[in-house]
Amino acid sequence: MKRYLIIPMLLLFSYVHTASAVPAIQQAEMKNGLRVLLMEAHNVPMVSMQLSVVAGSRFEAAETAGTASLLATMLADHSARHDHRALAALLDADAIHLGAAASRDDLKLSLTVLKEALQPGLDAFAELLLMPGWNNERFAIFQQDSISGARKALEEPGAQAATAASRLLFGEHPYGHRSSGTEASLAAIKLKDLKKLYHTQVKPAGAVLAVSGDITMDELLPMLKHRLAGWHGAPKHRLMDIAVAPTVMGKTADISLPTSQTLVQLLRQGPARSDGAFFPAFVLNHILGGGGFGSRLMEEVREKRGLVYGVYSYFIPLAAPGSFVITLQTKADQAAEAEAVVRKVMGEMASGKVTRKQLQASKDNLSGSFAQRMDSNRERVGLISMIGLYHLPLDYLSKWTQKVDAVTLNQVKQQAARFLKPEQWNRVRVGAKLNIEASAVSAAKAH
Amino acid sequence: MFIRIFTLLLLLWSMPSWSSAAILQQAMFKNGAKLIVEEDHSAPVAMVQIWLKVGGRDEVPGKTGLAHVFEHMMFKGSAKLAAGEYSRRIAAIGGNDNAFTSTDFTAYFETVPAAKVEEVLGLEAERFAHLALRDEDFQKEIRVIMEERRMRTDDDPNSHMFEELSAVSLRLHPYRNPVIGWMQDLKKLTIEDVRAFYQKHYIPGNVTVVVVGDVDFLQMKKRVGETFARMKAHPVEARFNPKEPEPLGAKRIEVKLPAQLPMLAITIPLPVWEPGHNDKEVAALAVATQVLAGGRSARLQRELVDEQRRAFAASAGYDPFGMGLDLWYLYGMLGPKQTTADFEQAVWALLADMATKPEPKAVLAAAKRNMIASEVFAQDSLYLRAKEIGRMEVSGIGAEHRDAWLKAIAAVTAADLQAAVGRWFTKDRSTTGILTPEVK
């Protein structure tokens with residue numbers, strides 16, 4: 001018989017810092033290694049869940065980029081037992097929302113159901129996961145449509161920049177291609193590539209099932225045990241088996257697109273999810289450009305100068321360091337000026353110009369807006385899944401505001417010196433008339 | 001909250017009798033301001049939304065984009081709060097500067113810890129009543145808005161094409177104008193336009209305060225009584241809501257833009273819900289759109305994309321809570337080897353099929369069940385709950401009717417659906433737009 005190890009969360013409410021007390025995350029580990037994390041929420045009779053398996057796009061070759069995404073699409077579409085029509089009828093009849101998607105590190109299978117439809121929902125969920133149908137005709141349709149989609153995406157400056165940025169920052173590293181793939185890489189994918197990824201990586205050890213909603217662990221575990229009994233094994237490549245990509249700095253890439261605006265992205269590698277200074281770096285980014293209107297970049301580029309609608313910064317913390325991005329769009333003849341302002345702000349912060357007042361404002365905003373980050377079951381599932389996948393402590397959410405509050409001005413300055421030196425950044429631009437701007441950049445820097 | 005969920009669940013099974021209503025608590029103040037509260041004490045947070053019966057339709061010719069420009073100016077300081085101070089105070093509470101503008105309404109919203117709701121209401125009332133409207137702020141903000149337009153519309157071939165198509169589809173109704181405004185108009189707007197708009201439209205009779213979350217109705221009533229209800233009453237004028245002339249035949253446009261692949265879209269002006277008057281027909285149109293574009297079995301995806309291979313993506317959309325009419329749309333994205341002509345032909349064949357053959361029982365039941373289940377899922381988010389209340393309130397439907405809509409959905413029969421499709425989804429009522437990629 002399988003045994004479940006249930007670790008009750010103790011001491012969760014011993015330090016309630018803000019008014020937004022966070023319900024405990026309960027954990028159970030199934031015998032096959034699958035971790036189940038649950039946050040109960042009984043106010044709406046529904047359940048949301050997401051299974052993360054270590055089968056993201058980093059486990060596919062760049063030449064066949066898009067394999068993990070196509071695998072996700074195929075898994076969610078039909079099984080060996082139900083073709084896509086039968087499955088669609090079955091899911092629609094009970095309003096079962098079931099989907100799948102791939103990102104860099106993991107492949108996610110998600111389910112949102114009314115409580116009363118949980119049993120058929122879980123039946124379908126387990127069947128799709130464990131009994132793939134590998135229908136050739138369906139594969140051909142998805143492949144062809146994703147190629148058209150990739151072509152259509154070339155109209156979007158943001159998609160063009162993202163592709164160029166991955167290549168520029170990560171080169172041959174597994175993070176060097178986007179999960180969506182390109183026209184050429186999607187065309188090179190064979191059904192056997194999907195099968196191979198499935199058979200090597202879609203395994204319970206290291207996988208996490210994050211659940212939020214109107215259910216208890218005692219109700220949930222027997223339902224899972226019954227359905228996931230046949231799932232065994234560990235992935236060939238573990239989540240943390242990944243090298244840090246070589247550092248690149250001062251590189252540029254320009255992409256021509258007939259748009260009225262130029263998209264400017266400054267890029268470098270940011271912190272990994274496991275970075276020891278994660279919270280100071282997180283608060284630093286909030287001060288820089290992660291906090292919307294309160295942020296330095298928004299203040300200088302939009303509020304003071306009216307140059308952009310939006311200017312933002314963010315980093316993507318993965319198993320290894322992912323991208324740290326500053327992005328803006330403005331009409332072509334203002335791009336150089338906007339970029340110069342961004343670089344000036346970065347330089348100032350890197351040299352220690354961050355005030356206690358700015359730090360406090362960011363902390364207040366982060367703590368106060370924490371409740372908004374948890375506004376729905378689906379949002380909570382996203383957070384719980386991240387906690388499980390990257391092995392963050394189970395009290396991560398309940399200690400979150402406390403951790404933010406504990407960040408000191410010195411720590412922020414250290415992270416600013418570590419991450420914001422302008423010369424360490426790279427640049428991608430997308431737009432028309434890009435070489436005219438090159439001379440304008442030097443002119444803007446001069447005065 | 002619990003009674004609302006209960007009604008929704010009963011509706012999932014199309015219950016025959018009808019008894020319980022949602023707990024919406026309302027208060028009307030003498031100066032015309034209104035308060036709607038839905039208490040939910042499951043977490044110590046609340047969503048505050050200030051809804052205004054002001055939007056793109058209230059602009060005069062040559063001033064398109066003004067309602068949206070105004071929304072931006074609401075963040076530029078008031079008598080007591082310097083520019084940016086409002087944002088700083090809201091940020092300190094944990095909120096973000098959030099707002100949205102449509103043709104029918106403008107709304108400002110914050111999710112905050114429940115203990116801060118009274119402070120937020122005070123801040124909102126302060127800027128509403130005493131907005132600074134300085135020209136120097138306007139001059140910067142209008143440039144920001146032009147960048148917003150370039151980003152959202154000018155440099156996006158699909159939305160650019162939809163803007164053109166909407167303008168051609170309607171002759172009188174204000175949905176023909178983009179909410180962000182035509183660039184030509186944005187270039188000519190002045191601070192005087194903004195001030196005149198403020199005087200005329202930002203009056204208590206146009207305000208509905210919606211609060212959903214861990215609050216007490218009586219306390220909210222007291223607080224709104226001290227803030228929005230203290231403002232001087234102004235007469236509220238009837239809103240611009242012309243009757244769109246009947247279409248006289250199919251219309252067609254071609255939009256040439258730098259793009260990679262073609263797109264074809266079809267619009268049809270459809271009626272919107274007037275509770276008690278057209279429930280059957282409008283609910284049938286909504287269910288028909290769900291059968292076409294919703295769920296896993298969506299006929300557009302199943303038949304036109306998967307089986308006939310006429311497009312690589314296709315969908316449709318209908319908003320029965322518009323004002324005056326809704327511009328229903330359907331579109332297909334064409335791959336390199338697919339033609340707009342083939343897709344168009346397939347669309348009309350599908351619509352004709354829906355008008356002549358009844359949908360199978362299981363398909364109809366699934367469509368209805370999914371629409372009502374979506375409503376249960378939406379109860380999970382304070383933001384969506386408050387938005388639904390505000391939306392129904394400002395469009396003139398009345399938030400108290402929200403469960404009657406689901407009841408109307410539950411009552412739709414296969415014959416109703418056929419009749420509605422046959423009457424409304426006709427070529428003569430339609431406008432077709434084709435995005436033709438042009439390499440410059």
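A few comments on the model shown:
- With a requirement of 1 or more residues that are within 30 Å of A:Lys433 (Cβ to Cβ), the helices (runs of 4 or more DSSP H) lying completely within segment A:162-280 that satisfy it span A:183-187.
- Within the span defined as segment B:397-413, one or more residues are of a type in the set (S, T, N, Q), more than 8 Å from chain A (Cβ to nearest Cβ) and open to solvent by 20 Å² or more (accessible area, probe 1.4 Å).
- Across segment A:372-401, the number of residues qualifying as among the aromatic types (Phe, Trp, Tyr) and away from every other protein chain (no Cβ under 14 Å) comes to 2.
- Residue in segment B:97-106 that is out of contact with any helix residue (DSSP H, G or I) (no Cβ under 6 Å at 6 or more places or on another chain), at pLDDT below 95, within 14 Å of another protein chain (Cβ to nearest Cβ) and open to solvent by less than 30 Å² (accessible area, probe 1.4 Å) present: no
- Residues of segment B:366-382 that are facing chain A (nearest Cβ under 7 Å) and either assigned to a helix (DSSP H, G or I) or β-branched (Val, Ile, Thr) (or both): B:Ala366, B:Arg369, B:Asn370, B:Ala373, B:Val376, B:Phe377, B:Leu382.
- On inspection, A:Glu379 does not qualify as farther than 30 Å from A:Ser57 by Cα and either among the small types (Gly, Ala, Ser) or open to solvent by 20 Å² or more (accessible area, probe 1.4 Å) (or both).
- Close pairs (8 angstrom Cβ cut-off, 6 or more residues apart or separate chains): within 17 Å of B:Leu165 (Cβ to Cβ) and within 14 Å of chain A (Cβ to nearest Cβ) in segment B:425-440, surrounded by fewer than 20 Cβ atoms within 10 Å (Cβ to Cβ) and among the acidic types (Asp, Glu) anywhere: B:Thr436/B:Glu254
- Restricting the first member to segment B:59-72 and to residues that are more than 11 Å from B:Ser102 (Cα to Cα), and the second to residues that are open to solvent by 30 Å² or more (accessible area, probe 1.4 Å) and among the polar types (S, T, N, Q), the beta-carbon pairs closer than 8 Å and six or more apart or on different chains are B:Glu59/B:Asn177; B:Thr64/B:Asn177.
- Hits in segment A:89-107 - residues which are open to solvent by 10 Å² or more (accessible area, probe 1.4 Å) and within 19 Å of A:Asp123 (Cβ to Cβ): A:Ala89, A:Leu90, A:Asp92, A:Ala93, A:Asp94, A:His97, A:Leu98, A:Gly99, A:Ala100
- Number of positions in segment B:56-96 that are at pLDDT 95 or above and assigned to a loop (DSSP other than H, G, I, E, B): 5
- Hits in segment B:134-173 - residues which are more than 8 Å from chain A (Cβ to nearest Cβ), out of contact with any Lys or Arg (no Cβ under 9 Å at 6 or more places or on another chain) and either open to solvent by less than 30 Å² (accessible area, probe 1.4 Å) or more than 21 Å from B:Ser315 (Cα to Cα) (or both): B:Asp135, B:Glu136, B:Arg149, B:Thr153, B:Met161, B:Glu163, B:Leu165, B:Arg171
- Taking (1) open to solvent by 40 Å² or more (accessible area, probe 1.4 Å); (2) farther than 25 Å from B:Ser78 by Cβ; (3) of a type in the set (Asp, Glu) in turn, B:Glu119 satisfies each apart from (2).
- Looking across segment B:290-303, the residues that are within 20 Å of B:Thr431 (Cα to Cα) and open to solvent by less than 10 Å² (accessible area, probe 1.4 Å) come down to B:Leu292, B:Leu300.
- Scanning segment B:243-267 for residues that are loosely packed, with under 14 Cβ neighbours inside 10 Å and in contact with a Lys or Arg (Cβ under 9 Å, 6 or more places away or on another chain) yields B:Pro245, B:Glu246, B:Gly249, B:Ala250.
- Annotation: of all residues in segment B:49-96 being open to solvent by 30 Å² or more (accessible area, probe 1.4 Å) and basic (Lys, Arg), the one that is nearest to B:Arg239 (Cα to Cα) is B:Lys53.
- Of all residues making up segment A:397-412, the number that are surrounded by fewer than 20 Cβ atoms within 10 Å (Cβ to Cβ) and closer than 21 Å to B:Val112 by Cα: 4
- Checking the stated criteria, B:Lys222 turns out to be more than 14 Å from every other protein chain (Cβ to nearest Cβ), assigned to a helix (DSSP H, G or I), open to solvent by 10 Å² or more (accessible area, probe 1.4 Å) and without any contact (Cβ under 8 Å) to a residue 24 or more places away in the chain.
- Filter pass, B:Asp185 being open to solvent by less than 40 Å² (accessible area, probe 1.4 Å) and within 8 Å of chain A (Cβ to nearest Cβ): no
- From the list B:Lys80, B:Lys63, the lone residue that is more than 26 Å from the chain's Cα centre (by Cα), more than 12 Å from chain A (Cβ to nearest Cβ) and on the phi < 0 side of the Ramachandran plot is B:Lys80.
- The one condition from (1) surrounded by 23 or more Cβ atoms within 10 Å (Cβ to Cβ); (2) out of contact with any strand residue (DSSP E or B) (no Cβ under 9 Å at 6 or more places or on another chain); (3) of a type outside the set (D, E, K, R) that B:Ala311 does not meet is (2).
- Tabulated pairs, segment A:342-368, first touching a residue at least 60 places away in the same chain (Cβ under 8 Å), second acidic (Asp, Glu) and open to solvent by less than 20 Å² (accessible area, probe 1.4 Å), C-beta under 8 angstrom, 6+ apart or interchain: none
- Only residues that are away from chain A (no Cβ under 14 Å) and part of a helix (DSSP H, G or I) were counted across segment B:287-328, and they come to 2.
- Residue that is over 20 Å from A:Ile242 (Cβ atoms), out of contact with any Leu (no Cβ under 8 Å at 6 or more places or on another chain) and open to solvent by less than 10 Å² (accessible area, probe 1.4 Å), where the choices are A:Val44, A:Val36: A:Val44
- Looking only at segment A:293-328, and only at residues there that are touching a strand residue (DSSP E or B) at 6+ places or on another chain (Cβ under 8 Å) and in a helix (DSSP H, G or I), the one that is farthest from the other protein chains (Cβ to nearest Cβ): A:Leu297
- Residue under evaluation B:Ala386, criteria (1) within 14 Å of chain A (Cβ to nearest Cβ); (2) assigned to a loop (DSSP other than H, G, I, E, B); (3) not β-branched (Val, Ile, Thr), criterion not met: (2)
- Hits in segment A:341-371 (condition: small (Gly, Ala, Ser), crowded, with 20+ Cβ neighbours inside 10 Å and away from chain B (no Cβ under 14 Å)): A:Ala350
- Screening A:Ala277 with (1) more than 11 Å from every other protein chain (Cβ to nearest Cβ); (2) free of Cβ contacts under 8 Å to residues at least 40 places away in the same chain; (3) hydrophobic (A, V, I, L, M, F, W, C) gives one miss only, at (2).
The values are calculated or read from the model by the stated rules, or taken from the named source; none is laboratory data. If you're wondering where the values come from, they're calculated on a predicted model, not measured in any experiment. Positions of Cβ are generated from backbone atoms using ideal geometry, with glycine treated the same way; all protein chains shown enter the neighbour counts. Note: accessible area is taken over every heavy atom of the protein model, side chains too, but ligands, DNA and RNA are not part of it. Shrake-Rupley method; radii C 1.70, N 1.55, O 1.52, S 1.80 Å.
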